[in-house]
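Asks: There's a structure below that I have some questions on.
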Amino acid sequence: IVVGSGLAGILFCEVLRKHGKSFVIIDDNSQKSSVIAGGLYNPVILKRFTSVWKSEEQLEIALPMYKELENYLNVILDYKIPVFRLFTSVEEQNNWFNACDKPNLSIFLKPEIDNYHNKSVNARFGYGEVLNTGRIDTSTMILAFKEKLLKENRFLESSFDYSKLIHSEDQISYNDFKANQIVFAEGFGLKQNPFFNHLPLNGTKGELLIIHAPDLNIDFVLKSAVFLIPLEEDKYIVGATYEFNDKTNAVTKSGREELLTKLDSFINCKYTVVNQVAAIRPTVKDRRPLVGRHQN
């Protein structure tokens with residue numbers, strides 16, 4: 001039994017499927033962070049030019065798995081797209097070259113300044129290109145996986161009632177389901193889980209905008225005050241905010257204003273906002289996964 005069908009739940013079930021294990025997913029669609037995510041995989045923290053934890057190892061595992069999921073679901077999920085870091089000073093340029101010399105970053109950073117000209121972007125100091133980047137279409141993956149499992153009667157659209165869970169030394173029972181194991185992959189929903197709500201899961205609200213900008217004309221991810229991720233039909237994802245106190249999925253005026261102010265600091269073309277979304281990231285202080293078996 002797997003509770004939750006976001007990124008963690010789906011990828012765990014994909015491992016189960018490859019190993020011939022039977023499973024059922026239970027999900028009530030209450031957690032939105034995987035669905036609305038920008039889906040960017042980027043091995044470098046571009047604010048400080050430092051490496052993401054185990055970035056090379058994670059990519060070696062993740063990318064083949066997404067390829068297998070594409071074949072299994074018959075959809076395209078992995079879109080290879082470069083990430084360009086917009087520099088705002090000579091100091092940032094120098095910091096970039098310093099980072100390029102570091103062994104754990106050299107394979108991911110192009111050691112030169114790109115002066116690609118785009119009249120819609122304020123790029124006086126040029127760009128640095130990050131290598132081995134891309135975007136996973138998380139929304140398509142989640143919907144396609146759910147659709148497939150619904151046809152196979154392996155997906156239950158329902159809230160999980162913790163009081164109905166019966167567990168013994170060798171079996172888990174929940175309503176009509178009997179299993180050897182139960183895995184909770186609930187994202188921020190873990191805060192409502194009586195078995196694991198003691199874990200240090202903080203949760204950080206993030207808001208994104210979708211804009212339509214016909215004159216922007218960029219075919220790469222642009223990182224400046226915010227990320228700008230191109231979609232189809234001249235649309236772009238703008239994000240994201242980081243709010244630590246509000247734990248709702250409601251969009252806010254302050255979130256919109258923050259994103260637009262940051263966006264206007266580095267582009268100068270006209271655009272319209274076509275959508276705004278919000279969700280709670282299941283974040284922890286040390287940015288490490290919470291993985292393990294319950295102490296009992």
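Asks: Computed over the Cα atoms of region 1-96, what is the convex hull's projected area averaged over all directions, in nm²? Write down the numbers at each step before the final one.
Replies: Values: hull surface 32.6 nm².
Convex hull of Cα atoms, orientation-averaged projection: 8.2 nm².
Asks: Region 154-241: Rg/Rh from Cα coordinates, Kirkwood Rh?
Replies: Values: Rg = 20.9 Å, Rh = 17.1 Å.
Over the Cα atoms of region 154-241, Rg/Rh equals 1.22.
Asks: Cα axis of helix 55-73 to longest principal axis of the chain: angle in degrees, 0 to 90, nearest 10?
Replies: On a 0 to 90 degree scale, this one is about 70.
Asks: To the nearest 10 square angstrom, what accessible area does Arg154 show with a 1.4 Å probe?
Replies: Arg154 exposes around 50 Å² with every protein chain in place.
Asks: Ratio of Rg to Rh for region 23-174, alpha carbon only, Kirkwood?
Replies: Rg/Rh for region 23-174 comes to 1.13.
Asks: Still on this structure, please answer the following. Report, in degrees rounded to the nearest 10, the 0 to 90 angle that the Cα long axis of helix 90-100 makes with the longest principal axis of the chain.
Replies: On a 0 to 90 degree scale, this one is about 50.
Asks: May I ask you to give the percent of accessible area on region 148-226 that is carbon plus sulfur, with a probe radius of 1.4 Å? Numbers along the way, then the final one.
Replies: Values: 2020 of 4310 Å².
Roughly 47 percent, rounded to a whole number.
Asks: Of Gly39, Tyr242, Cys269, which is farthest on the positive side of the dipole of the chain, counting Cα position, with +1 on Lys and Arg Cβ, -1 on Asp and Glu Cβ, and the Cα centre as origin?
Replies: Looking along the dipole axis, the top candidate is Tyr242.
Asks: Next up: What residues qualify as long-range amide H neighbours of Arg281, i.e. H under 5 Å apart, gap of 5 or more or another chain, H built at 1.01 Å from N?
Replies: Under 5 Å from the amide H of Arg281 lie the amide H atoms of Thr204, Lys205, Gly206, each far enough along the sequence or on another chain.
Asks: For q = 0.17, 0.21, 0.25 Å⁻¹, what log10 I(q)/I(0) does region 119-175 give under the Debye formula with an equal point scatterer on each alpha carbon and no solvent?
Replies: These q points yield log10 I(q)/I(0) values of -0.84, -0.98, -1.05.
Asks: Averaging over every viewing direction, what projected area does the convex hull of the Cα atoms of region 184-292 cover, in nm²?
Replies: Its average projected convex-hull area is 8.1 nm².
Asks: In addition: Using the Karplus curve 6.51 cos²θ - 1.76 cosθ + 1.60 with θ = phi - 60°, work out ³J(HN,Hα) for each residue of region 189-202 in order, rounded to whole Hz, and write x for Gly and Pro.
Replies: Those phi angles translate into x, 4, 5, 9, 8, x, 7, 10, 6, 7, 5, x, 8, 8 Hz.
Asks: Can you give the direction-averaged projected area of the convex hull of the alpha-carbon atoms in the chain, in nm²?
Replies: Details: hull surface 67.1 nm².
Across all orientations, the chain yields a mean hull projection of 16.8 nm².
The values are calculated or read from the model by the stated rules, or taken from the named source; none is laboratory data. Since the structure is predicted, the reported quantities are computational estimates derived from the model, not experimental observations. Here Cβ is always computed from backbone atoms with ideal geometry, including for glycine, and neighbour counts include all displayed protein chains. Areas reflect the complete protein model, heavy atoms only, side chains present, ligands, DNA and RNA absent. Shrake-Rupley method; radii C 1.70, N 1.55, O 1.52, S 1.80 Å.
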